[in-house]
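Taken together, the values in this text are just the output of simple stated rules run on the coordinates, not laboratory data. Note that the coordinates shown come from a computational prediction; the quantities given were computed from them, not determined experimentally. Note that each Cβ is placed from the backbone with ideal geometry, even for glycine, and that neighbours are counted across all protein chains shown.
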Amino acid sequence: MNIQLIGISHKTAPVQIRALFAFTDENKKELMTRICTQKEIRECVLLSTCNRTELYTVSEENISVRSVMTAMQRIMLDMAGIGDAGEVSEHLRFYQGTQAVRHLFYVAAGLDSMVLGEDQILGQVKEAHRTAMEDGFSGTWCNSLFRMAVTAAKKVKTETKLSGISVSTATLAVKAAEMYFGSLENRKILVIGATGKIGQIMMKNIAADHHVQLYAASRQLKSGEKAVLGTDTLSDGHGTRHQQTEEYVQIAYADRYRLANEMDVIISATASPHYTLTKEGWQSGVIQKRRRILIDMAVPMDIEAGIEDEENSLCHLDELTSLSEKNQHLRFEAADRAREMLEEDIDDFRRWALFQQNRPLMDTFREHLLADMAANPEKGLNKFFYRAREAADTEQLEMFFEVLRQSEEARENG
């Protein structure tokens, strides 16, 4: 059997092009139905997320790969409403055999993601396979391929730090606060500049993973009003997008010092050329003593030096950036280790595929060998070795006997 892949992703196409391939659940099923009705194609799985659309197929070994790829492209473009292949040809990627297998293993482990090592893609790969299997499009080959890719990706997550190393300064800021207190559970957090780009990211990061009391200060907000923060998640694999919601309290910028008295964490992320928290304003406006961490995400700095003391810890963007760069290096190292691990798993699949593909030959050989050995076992076995010697060249024989040697060692070692 041959394995083929046609894909488009964030690495090859802008969002406007990728959007053409954002199929609904109904479209996905129709596409896979059309693919599997092609006489040369036996199985298929369609992986479709916000950042990629990839069609994997399995075809008969004696069928031209070019003809299979042509059929795959024709149907994909038709389903995307694209009449001229030239409009998107530069954005499509075509893989076959080991290249296609390796790509899936890398995708499942997060090595091909926009954020290196991200976890969500693994669930999306599992969901794509489950859907194809339930609808009857995934058989022996795709089932083994996707299950082995998922298992390998889980091992990468467990045995490397690829997913556990934060590189975003926004994520690291939240992590710094969490480490300071041990947990952010029920902590009061104020984000100054909440309507800005970084401020919005901070709000979403906090709301997505922590049960906290969240406050947002901005010159555009009025005090005391409650609002709902929507934190988008990506596609769940069913063509549906969900929003996790979290309430927060809006605070007028002028009230920031008064509110700081009650806060455990204060994060400032504005584009202002002036301090949002001055030493003078802090000393006169913040009179309640409590343990706090202040995190300055701005350039130029939002928080004036001198505010920090025994109770108030101050963390600047430079510190987070330095940690981000260090973590980026660690993540790249983890990615290298992940690739080494995946190559071993890819070899496992290739061995499985070789045995699966040669099963008819093994059945015939077994039948003939047993027949030869039935009357005279020793003569029958000698005949087998003689035939091997006559059929193979020197290098093949060396490999044959190396396999025998390793097999014997494995048997002796239990």
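Per the helix-only calculation at 222 nm, which mean residue ellipticity applies to the chain, given -39500 (n - 2.57) for every DSSP H run of n ≥ 4 and division by its residues, nearest 500 deg cm²/dmol?
My calculation for the chain gives -16500 deg cm²/dmol from helical runs alone.
Of the beta bridges in the chain, as assigned by DSSP with both residues counted there, near 55 percent are antiparallel. Starting from the stretch 24-115, pick out the trypsin sites (Lys or Arg not before Pro) whose DSSP state is loop and whose Cβ has at most 11 other Cβ atoms within 10 Å. Sparse-neighbourhood loop trypsin sites (Lys or Arg not before Pro): 39.
With only alpha-carbon atoms in the gyration tensor, what are the semi-axes of the equivalent ellipsoid for the stretch 270-322, in Å, largest first?
Values: eigenvalues 74, 41, 10 Å².
Semi-axes from the Cα gyration tensor: 19, 14, 7 Å.
Each residue of the stretch 290-307 was assigned a 3J(HN,Hα) from its phi angle through the Karplus expression (A = 6.51, B = -1.76, C = 1.60, θ = phi - 60°), giving 6, 7, 9, 10, 10, 10, 9, 9, 9, 9, x, 4, 8, 10, 6, 4, x, 6 Hz with x at Gly and Pro.
Amide hydrogen proximity for residue 272: with H placed 1.01 Å from N in the peptide plane, no residue at 5 or more positions away or on another chain lies under 5 Å.
What the phi angles of the stretch 93-103 give under the Karplus curve with 6.51, -1.76 and 1.60, with θ = phi - 60°, is a coupling list of 10, 10, 10, 9, x, 4, 4, 5, 4, 4, 4 Hz, glycine and proline written as x.
Placing a pseudo-label 7 Å from each Cα along the Cα-to-Cβ vector at residue 24 and residue 405 gives an inter-label distance of 6.3 nm. The angle between the Cα long axis of helix 65-79 and the longest principal axis of the Cα atoms of the chain comes to about 40 degrees, rounded to the nearest 10. Bridging of residue 39 to lysines at a Cα separation below 20 Å is possible for 28, 29, once same-chain residues fewer than 8 apart are set aside. With each label point set 7 Å from Cα along the Cα-Cβ vector, what nm distance links residue 181 and residue 98? The modelled label-to-label distance comes out at 5.2 nm. Net charge in the neighbourhood of residue 140 (other residues with Cβ under 13 Å of its Cβ; Lys, Arg +1, Asp, Glu -1) is +2. Applying the Karplus relation 6.51 cos²θ - 1.76 cosθ + 1.60 with θ = phi - 60° to the stretch 195-204 yields 3J(HN,Hα) values of 8, x, 4, 5, x, 5, 4, 4, 4, 5 Hz, where x marks Gly and Pro. All other residues whose Cβ lies under 12 angstrom from that of residue 380 are scored, Lys and Arg at +1 and Asp and Glu at -1, for a net of +1. Counting only Cα atoms, the size of the chain along its three principal axes is 102, 57, 32 Å, in decreasing order. Projecting the Cα atoms of 265, 220, 48 onto the dipole axis of the chain, where Lys and Arg carry +1 and Asp and Glu carry -1 at the beta carbon, places 220 farthest toward the positive end. The H on the amide N of residue 43, modeled in the peptide plane, is under 5 Å from the matching H of 58, each at least 5 residues off or on a different chain. For residue 314, the residues 5 or more places off, or on other chains, whose built amide H falls under 5 Å of its own are 294.
Compute for the stretch 2-162: radius of gyration divided by Kirkwood radius, i.e. Rg/Rh, restricted to C-alpha atoms, rounded to two decimals.
Values: Rg = 14.8 Å, Rh = 15.7 Å.
Radius of gyration relative to Kirkwood radius: 0.94.
When Rg and the Kirkwood radius Rh are both evaluated on Cα atoms of the stretch 272-414, their ratio Rg/Rh stands at 1.54.
A simple spin-label model places the labels of residue 220 and residue 67 5.9 nm from each other, with each point 7 Å out along Cα-to-Cβ.
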